[in-house]
1. Here are the criteria: (1) over 24 Å from Gly128 (Cβ atoms); (2) under 33 Å from the mean Cα position of the chain (by Cα). Tell me which single one His237 does not satisfy.
2. If the Cβ limit is 8 Å and pairs must be 6+ apart or interchain, which residue in the stretch 542-563 that is closer than 30 Å to Arg608 by Cβ pairs with which residue that is of a type in the set (Gly, Ala, Ser)?
3. Considering only the stretch 136-158, state which residues are touching a helix residue (DSSP H, G or I) at 6+ places or on another chain (Cβ under 9 Å), open to solvent by less than 50 Å² (accessible area, probe 1.4 Å) and either over 17 Å from Met76 (Cα atoms) or among the charged types (D, E, K, R) (or both).
4. Anything in the stretch 91-129 that is open to solvent by 10 Å² or more (accessible area, probe 1.4 Å) and in a helix (DSSP H, G or I)? List them, or say none.
5. Pick from Gly56, Gly38: which is within 23 Å of Tyr145 (Cβ to Cβ), of a type outside the set (A, V, I, L, M, F, W, C) and without any contact (Cβ under 8 Å) to a residue 40 or more places away in the chain?
6. For the stretch 484-503, give me the residue count where each residue is of a type outside the set (Lys, Arg) and touching a residue at least 24 places away in the same chain (Cβ under 8 Å).
7. Out of all the residues in the stretch 437-456, is one or more open to solvent by less than 40 Å² (accessible area, probe 1.4 Å), among the polar types (S, T, N, Q) and modelled with pLDDT of 75 or more?
8. Hey, among Glu521, Glu496, Glu507, which residue is charged (D, E, K, R), at pLDDT 95 or above and either over 22 Å from Leu606 (Cα atoms) or buried (at least 16 other Cβ atoms within 10 Å of the Cβ) (or both)?
Amino acid sequence: MIRCPGEAKAFPALGDDESYRLAVTRDGITLEAPGSLGVLRGLATLAQLARPLGDGWALRGARIEDAPRFAWRGLMIDVVRHWQPLEVLQRNLDAMEAVKLNVLHLHLSDDQAFRVESRVRPALHERGSGGHYFSQDEIRDVIEYAADRGIRIVPEFDVPGHTTSWFVAYPGLRQPPAEGLELARGLGMFHNALDPTREETYVFVDAVFGEMTRLFTDEYFHVGGDEVTSQSWSDEHFAAFMEEHGLEGTRGLQAHFTTRVLEIVARHGKTAVGWDEMTRGEVREDTVIQLWLPGADPGASRSVVSQGFYLDHMFSAGMYHANEPLGALPSEAARTRVLGGEACMWGEFITPATIDSRIWPRTAAIAERLWSPREVRDTEDMYRRLALVRADLTRLGLQHDTYFEPALARLTGGELSPSLRTLADVTTAPNILEQVFSYAALGGLLAPSLVGPMDVEVGDRFENVVRPESERGRVFGKTVDAYLASPDPEARRGVEDSLRRWRGNHEGVVALFDRHPGLEEIEPVSEGLTRLAGMGLSALEVLDGERLFTEREKRLHLERLALHDPRPLDLRTLEAPADKEFADAIPEIFGRILSEKLKTLEPLILFRVKIAVQPGIEALVLAAHARGTRDEGFLMRAVWSLVDHKGTILTVLVAVALLALVLRRRRRRGQA
């Protein structure tokens, strides 16, 4: 029985009541809600209570009274860098409904494309889309599809930066005119921004935004405002305009532009949303600021938190679940104005085949953080429930798991390699920062406009196939923890069996290289797994009391563990110089990171593809190190000292002679 006294609305709105009460008993099911959105959220919970049983389903009894912590619980999907067709959006909307997310933020324009049909400025989609765009009828369809699931659609048309596609369509928008400019096909930020000094710019923006605000039904309209480089406005006429109007640098010029754009949005009856760079100047009081940069301050504005929720940073579900949205805010006053949070799926390295695996099931952990009380913090219980949600999403048609084996098989000509599957199960994909930095190093590029493989398809590279999080790696770590806490024979056997399988896997991977030379780049990863597994098996011997490690072995272990550190780079740790905008500081930040990494990391593939079982092996090895140290003996120390010295040929010959003497003495002791 469903009781809902409220009337259904055509489209959901921010602040609509989503609370409900649900009772599942032997006598039946009762769902009560003040409005239709509460009914939808209660039905989502009911679906989660249903579990497969034989040929049917069983419902667990429950009495639940529930309401969301935050009113804005979103997912941003970038359909620009890689085109994502309507069916991708629809199945992700199905998943969003299942986990009670209520905002789909569509990033619809950028340097690479403009993705919506425009009838007032048709060249935007005709010349600026690269051939892929949504018709206005398709936009209406997806808005209705979302509304039926209690989800709002918030569009984003990013200005004044990220507008190369606008200039390709209308070269005269740019000063000097952008004749011959092509759509961006690389990574990074480009020195193309709308001209804030010309009235024609605002007339154009008004026409486009007027059309799009009529097309999209939600009250909120995202205008971007991020990553404008000062070089975009370095021409003399910009300097003259800033001096004439008393504007302080390009920051003041962007503030001038923002003021005008916010007025345009308000005139069309919408409330503007923008990235936190917009707060460098004064903004309208009703503007919503989306926070993504470390230390961002929304001022007196309401905010939506995305800091720590970037899905392309490839954090684990546990890390996202632990990310407290209010923790990013600088003051109690700012915390009271938080509307909610948003997961962000940027599109540089995703395709329609892989996007589900980059969003799900990790976004379910973010959805819980935004819906449930702050006190819901049990990570292990979250993972238990996440496994159930993962299966539910597969039944809904999401491809986060089903993509995996076919994608791996395409790397080897259509036949799945067991050895490659074993390696893929215990490795994780790189985040956007690691990919950008790696390609920058390979190309010698440390400029904001970084050339990258924007046309990458799912079958092209191992790193684009492996998952963001390895469940096998996580479970192995838990098994190691259990063994170290209480030396259980079954846990030890599980650890040893896994390590032996990984130690022997490299030969099967190497055998693929002759027929599939594109896979050769992963050899350091496969070899690294073998070495780590060997270290783990040696650690088991120490923990069994069979021997101790020498000081040299310990040093080697620590070097290899550091080489395969699986922790992803975190944007929150990248500090820009105080005298520069983040966009302008990118080359300096890249240079600093690369110079540090390249000191210890020659094969850059190790920067991108991480071995997820490293933490478990590290725990074993460090536990073994704690048992003590075996003395190498005088002669062995002398050998290693000479080898480490890396001196002349004579030095090496002396070292070899000493090593032969050591081995002969050991054989004699063995015969005795």
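1. (2)
2. Within 8 Å, the pairs are Glu553/Ser538; Arg560/Gly528; Leu563/Gly528.
3. Of everything in the stretch 136-158, those that are touching a helix residue (DSSP H, G or I) at 6+ places or on another chain (Cβ under 9 Å), open to solvent by less than 50 Å² (accessible area, probe 1.4 Å) and either over 17 Å from Met76 (Cα atoms) or among the charged types (D, E, K, R) (or both) turn out to be Gln136, Arg149, Arg152.
4. The answer is Arg91, Asp94, Glu97, Ala98, His125, Glu126.
5. It is Gly38.
6. Here the count works out to 7.
7. no
8. Result: Glu496 is the single residue among Glu521, Glu496, Glu507 that is charged (D, E, K, R), at pLDDT 95 or above and either over 22 Å from Leu606 (Cα atoms) or buried (at least 16 other Cβ atoms within 10 Å of the Cβ) (or both).
The values are calculated or read from the model by the stated rules, or taken from the named source; none is laboratory data. Just so we're clear, the structure is a prediction, and the values are computed from it rather than from any experiment. Quick reminder, even Gly has a Cβ in these numbers, built from the backbone with ideal geometry, and neighbours come from all protein chains shown. Protein only, heavy atoms only, side chains kept; ligands, DNA and RNA dropped before computing areas. Shrake-Rupley method; radii C 1.70, N 1.55, O 1.52, S 1.80 Å.
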